[in-house]
Amino acid sequence: MIYYRLVKKIYQIAAKKMCRKCQNFIAKGAKILDLGCGSGIISKEFQNYFGAELIGVDIVDRRVIDIPFQLVDGRNLPFPDHSFDVVLISYVLHHSLDPFSLLKEAKRVGEKIIIFEDLPEGFFSKMFCQIHRIFFDNLFQNPSKTSFKTEKEWGRLFANLQLNILAQKIIHIFPVKKILFVLNTRGS
């Protein structure tokens with residue numbers, strides 16, 4: 001897709017920063033599932049940075065980077081329980097029709113879940129999220145409507161799924177507030 005080719009360098013720089021933010025939570029050589037891998041740009045950086053065994057999955061193949069990949073239906077993951085050390089979900093859940101079910105599946109197949117999300121908190125962040133929603137839903141003909149959650153809403157969703165927050169950190173403030181969640185799927 002031309003969009004990803006145009007922004008590839010920006011995504012690579014952002015992905016390197018994301019890897020550094022995760023270095024205390026992902027072991028070298030980890031088995032990683034990139035859930036909603038999109039272009040594969042972020043996946044490839046995580047694969048290289050951590051020397052990981054990685055597979056990307058998505059409901060549509062939009063890869064511009066060659067990574068191991070499998071199409072999924074967005075509801076069920078075709079992997080046995082506890083197949084992955086880490087399930088990476090980077091800026092995907094706000095595009096999901098059913099984030100609860102997606103997280104439930106991530107919990108089933110992974111030992112840890114690492115989530116990066118935008119938060120619609122504050123004037124500029126709310127405005128950015130609204131623009132992002134309109135742009136993404138129209139450019140990619142998103143079948144579900146993009147919906148952003150606040151930090152508290154994410155916390156309630158994680159609690160309902162009995163996902164324990166190992167770490168959470170605001171990683172960027174302006175123009176959009178971004179957060180990193182690291183969740184333990186197997187109790188405290």
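The values are calculated or read from the model by the stated rules, or taken from the named source; none is laboratory data. Predicted, not measured: the structure shown is a model, and the values here were computed from it. Here Cβ is always computed from backbone atoms with ideal geometry, including for glycine, and neighbour counts include all displayed protein chains. Calculation scope for accessible area: heavy atoms of the full protein, side chains included, ligands and nucleic acids excluded. Shrake-Rupley method; radii C 1.70, N 1.55, O 1.52, S 1.80 Å.
Once the piece of chain linking Lys16 and Glu53 is laid out straight, how much longer is it, given 0.36 nm per residue of separation minus the C-alpha distance between them?
11.6 nm
Say R0 is 30 Å: what FRET efficiency, to the nearest 0.05, do Leu166 and Ser83 get from their beta-carbon distance? Each step should come with its number before you reach the end.
Details: r = 20 Å, r/R0 = 0.66.
After rounding, the FRET efficiency stands at 0.95.
Run down the lysines and flag those whose C-alpha is under 16 Å from the C-alpha of Lys107, throwing out any fewer than 8 positions away in its chain.
Lys31
Rounded, prolate or oblate, given the Cα gyration tensor of region 35-97, with a/c below 1.5 counting as rounded?
It is oblate, given that a/c is not under 1.5 and a/b is not larger than b/c.
So which trypsin sites (Lys or Arg not before Pro) in region 146-188 pass both tests, a DSSP loop state and at most 15 other Cβ atoms within 10 Å of the Cβ? Please report the intermediate quantities before stating the final value.
Working: sites: Lys149, Lys152, Arg156, Lys169, Lys177, Lys178, Arg186; in loops: Lys149, Arg186.
When the trypsin sites (Lys or Arg not before Pro) of region 146-188 are filtered for loop state and at most 15 Cβ neighbours within 10 Å, Arg186 remain.
Just check region 75-117 against the gyration tensor rule for me: Cα atoms, a ≥ b ≥ c as the square roots of the eigenvalues, rounded for a/c under 1.5, and otherwise prolate or oblate depending on whether a/b exceeds b/c. Before the final figure, lay out each step's value.
Values: a/c = 2.52, a/b = 1.35, b/c = 1.87.
The shape class here is oblate.
Would you look at the GNM of the chain, springs on alpha carbons closer than 10 Å, and say which of Glu105, Glu153, Glu121 moves the most?
Judging by the Gaussian network model, the answer is Glu153.
Ignoring ligands, DNA and RNA, what percent of the accessible area of region 1-126 is carbon or sulfur (1.4 Å)?
The C+S portion of the solvent-accessible surface of region 1-126 is 56 percent.
Using the 2.2 N^0.38 Å rule of thumb for compact globular proteins, work out how the chain stacks up: its C-alpha Rg over that value, please.
Relative to the rule-of-thumb radius for its length, the chain sits at 0.95.
Among 111-119, 8-16, 84-92, 125-133, how do they line up by average Cβ neighbours within 10 Å per residue, starting with the highest? Working shown, then result.
Details: 111-119: 21.8, 8-16: 14.6, 84-92: 23.4, 125-133: 16.3.
Highest-to-lowest ranking by the protection proxy: 84-92, 111-119, 125-133, 8-16.
How large is the helix-only mean residue ellipticity at 222 nm for the chain, computed as the sum of -39500 (n - 2.57) over DSSP H runs with n ≥ 4, divided by its residue count, in deg cm²/dmol to the nearest 500?
-12000 deg cm²/dmol
State the answer as a single residue: which of Pro175, His132, Met18 lies farthest towards the positive end of the charge dipole of the chain, with beta carbon charges of +1 for Lys and Arg and -1 for Asp and Glu, about the Cα centre.
Pro175
Could you tell me what percent of the DSSP beta bridges with both partners in region 29-188 are antiparallel, to the nearest 5?
That works out to approximately 45 percent antiparallel.
Between rounded, prolate and oblate, where does region 1-109 land on the alpha carbon gyration tensor, with a ≥ b ≥ c its root eigenvalues, rounded for a/c under 1.5, else prolate if a/b exceeds b/c? Working shown, then result.
Numbers: a/c = 1.66, a/b = 1.14, b/c = 1.45.
Oblate is the answer for region 1-109, as a/c is 1.5 or above yet b/c matches or exceeds a/b.
Write down the accessible area per residue of region 1-116 in Å², having rolled a 1.4 Å probe over the full set of protein chains. Provide the component values of the computation, followed by the final result.
Numbers: 5420 Å² over 116 residues.
That works out to 47 Å² per residue.
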